[in-house]
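Here is the structure we will look at, set down as structure tokens.
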Amino acid sequence: MVFIKGYTQTKEAQSKAKQARFKKAGVGVCPICNKTFPKYSKKQITCGSKLCIKEYKNFKWEQLKKDNPIKAKAFTLFSGVSAGKNKSKIGYQILKDAIDEPCVYCGTIITIDNASLDHKIPRVWSKVYNRKTKKRTYTSKEMYRLDNFDNLHIVCRECNQYKSDMTDGEFIRLLKFLDSNLDIKIKLFHRLKLNRAFFARRN
């Protein structure tokens with residue numbers, strides 16, 4: 001007897017069920033290796049080998065970047081966000097609305113190349129997943145609050161790097177101070193760019 005997905009079946013019954021699915025789904029041609037194969041389901045596209053599946057995913061990704069670069073960028077930006085089932089659609093809309101608009105911090109026009117996802121109340125990566133303990137530090141409620149769409153916005157990449165783990169209010173206060181001291185701002189940001197550094201709070 002073999003235990004499969006909660007059901008107890010014999011190998012013979014399992015084989016018959018598989019053959020029935022192949023018969024119902026028909027035959028397909030793998031777009032990667034061009035081999036003819038029996039389809040396990042009507043939605044199956046490749047022959048099922050790991051290499052063909054990987055190649056097909058890469059092909060689809062490159063195709064998406066050509067056909068809809070904003071959607072591809074949104075998928076990349078929001079992939080690490082725990083924002084529920086509709087995050088792809090909402091993330092796409094957030095990015096689409098931000099493109100060609102000025103960055104809320106510096107006024108730089110947002111493009112696909114410089115767009116970056118920022119948490120207004122910062123989400124520290126080391127707290128999301130601790131490599132030493134191999135556990136999350138944030139609770140589910142904290143993650144939900146931090147990854148809520150009300151706490152997310154699109155800014156330019158440089159401002160996101162400079163902001164680091166400061167809150168939205170703290171970074172705006174810092175920018176206001178620097179705007180009133182332009183000589184310090186120019187020197188400070190120039191040095192930060194050269195050293196690829198960023199601001200960070202110290203508790």
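Sum up the charges of everything whose Cβ sits under 10 Å from the Cβ of residue 119, counting Lys and Arg as +1 and Asp and Glu as -1, but leave residue 119 out.
Net of charged neighbours comes to -1.
So, how do all the Cα-to-Cα distances of the chain break down into 10 Å bins, in percent, from 0 on up?
7, 22, 24, 20, 14, 8, 4, 1
Counting other Cβ atoms within 10 Å of each Cβ, which trypsin sites (Lys or Arg not before Pro) in the range 42-128 have at most 14 and sit in a DSSP loop?
Taking the range 42-128 and a limit of 14 other Cβ atoms within 10 Å, the loop trypsin sites (Lys or Arg not before Pro) found are 42, 43, 85.
State the answer as a single residue: which of 110, 69, 45 lies farthest towards the positive end of the charge dipole of the range 26-135, with beta carbon charges of +1 for Lys and Arg and -1 for Asp and Glu, about the Cα centre.
It is 45.
Considering only 167, 139, 76, give the residue with the highest GNM mean-square fluctuation for the chain, with springs between Cα atoms whenever their separation is below 10 Å.
139
Between 191, 173, 21, find the one with the highest GNM mean-square fluctuation for the chain; connect C-alpha pairs within less than 10 Å.
21
Would you mind calculating the relative contact order of the chain from Cα pairs under 8 angstrom and at least 6 residues apart, reporting the percent as a whole number?
Relative contact order for the chain comes out at 13 percent.
Nearest 500 deg cm²/dmol is fine: what mean residue ellipticity at 222 nm does the chain get from its DSSP H runs of n ≥ 4 alone, each adding -39,500 (n - 2.57), divided by its residue count?
Computed ellipticity for the chain at 222 nm equals -15000 deg cm²/dmol.
Could you work out how much longer the chain between residue 27 and residue 61 gets when fully extended? Use 0.36 nm per residue separation minus the Cα distance between them, nm to one decimal.
Here the answer is 9.7 nm.
Which whole-number percentage describes the relative contact order of the range 69-160, with Cα contacts under 8 Å and a sequence gap of 6 or more?
About 33 percent, as a whole number.
All of the numbers you see were taken from the coordinates with simple rules; none came from a lab. Note that the coordinates shown come from a computational prediction; the quantities given were computed from them, not determined experimentally. Note that each Cβ is placed from the backbone with ideal geometry, even for glycine, and that neighbours are counted across all protein chains shown.
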